[in-house]
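Enquirer: Sharing a structure, written as structure tokens. Questions coming.
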């Protein structure tokens, strides 16, 4: 059943489904000296419930990713959902990313949402831009989550150096982080690479509960899953999602983090 443009609420169905995260520890990065912050999947606005876990625009679902330093005036408003204003960089879709403004509205910060891409064949997700696995930073692990385009290196603090795929890279993080990092960036010739912290193998950037098609996902667990025989059915945040079925309803959803699966 098609959803309306103003339906930003979570969908509830009785269809049985589990989902897991598959982790692949193949990244040759060891970022010693980083101090991870207490795990927090969302910004303060998202934690307080100001940002919805997902929005729907033109029948496409989008999942909350992070706040980004953008002004509404530099974007195009494409939708109004109750008190939530939805923006994009162009007037016409399809949109890979949309931006949401919620009360009390900031003049220079918006919530970024990434497209699920359900039913689009073989979608390419942000984390597939470069082949990287999970990086170790002290006792914590971080997963590559795509090349960042809404945050600039100039807005970040330098926290160290490393080598990625044979290329010298400067490590950067937000100056707002209070002595720890739920995400960090690496700047090199490939762009500004984003890494997000993992909690039990699950990216902390993902909301606790969100819709995937007409089904809800919540409380995934990291486990070993064989992707053979599974179909790429969309993106969950930056990460590719797989299922035994090619179309909904799904009995299981697996997201690949690095070379690992989360279900």
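Rule-based calculations on the coordinates, nothing more; no lab input. Since the model is a prediction, treat every value here as computed from it, not as a measurement. Because the Cβ atoms are built from the backbone with ideal geometry, glycine has one as well, and the counts that use them run over all protein chains shown.
Enquirer: Report the gain in length on full extension from residue 209 to residue 71: 0.36 nm times residue separation, minus Cα-Cα distance, nm rounded to one decimal.
Expert: 46.9 nm
Enquirer: Among 140, 245, which comes first, then next, by fewest other beta-carbon atoms within 10 Å?
Expert: Ranking 140, 245 by Cβ neighbours within 10 Å, fewest first, gives 245, 140.
Enquirer: Further question on the same structure: For segment 150-221, what is the Kirkwood hydrodynamic radius in Å, using each pair of distinct C-alpha atoms?
Expert: 14.1
Enquirer: Which order results if 209, 56, 231 are arranged by neighbouring Cβ count within 10 Å, fewest first?
Expert: Ranking 209, 56, 231 by Cβ neighbours within 10 Å, fewest first, gives 209, 231, 56.
Enquirer: 7 Å from Cα along Cα→Cβ at both residue 221 and residue 80: what's the point-to-point distance in nm?
Expert: Output for this residue pair reads 4.7 nm.
Enquirer: Taking the simple approach of a point 7 Å from Cα along Cα-to-Cβ for both residue 120 and residue 163, what is their distance in nm?
Expert: Between residue 120 and residue 163, the label points sit 3.6 nm apart.
Enquirer: Counting pairs of Cα atoms in segment 53-190, how many percent are more than 25 Å apart?
Expert: Tail of the P(r) past 25 Å holds 36 percent of the pairs.
Enquirer: Just the number, please: Stokes-Einstein D of segment 45-117 in µm²/s, Kirkwood Rh from C-alpha pairs, 20 °C, 1.002 mPa s.
Expert: 179
Enquirer: Quick one: if you stick a label point 7 Å off each Cα along the C-beta vector at residue 147 and residue 190, how many nm between them?
Expert: 1.0
Enquirer: Which value, to two decimals, describes the C-alpha radius of gyration of segment 144-263 once divided by 2.2 N^0.38 Å?
Expert: After normalising by residue count via 2.2 N^0.38 Å, the value is 1.20.
Enquirer: Could you please rank 184, 195, placing first whichever residue has the fewest other Cβ atoms within 10 Å of its Cβ?
Expert: 184, 195
Enquirer: Right, next: What's the whole-number percent of alpha carbon pairs in segment 120-164 lying beyond 18 angstrom?
Expert: Tail of the P(r) past 18 Å holds 48 percent of the pairs.
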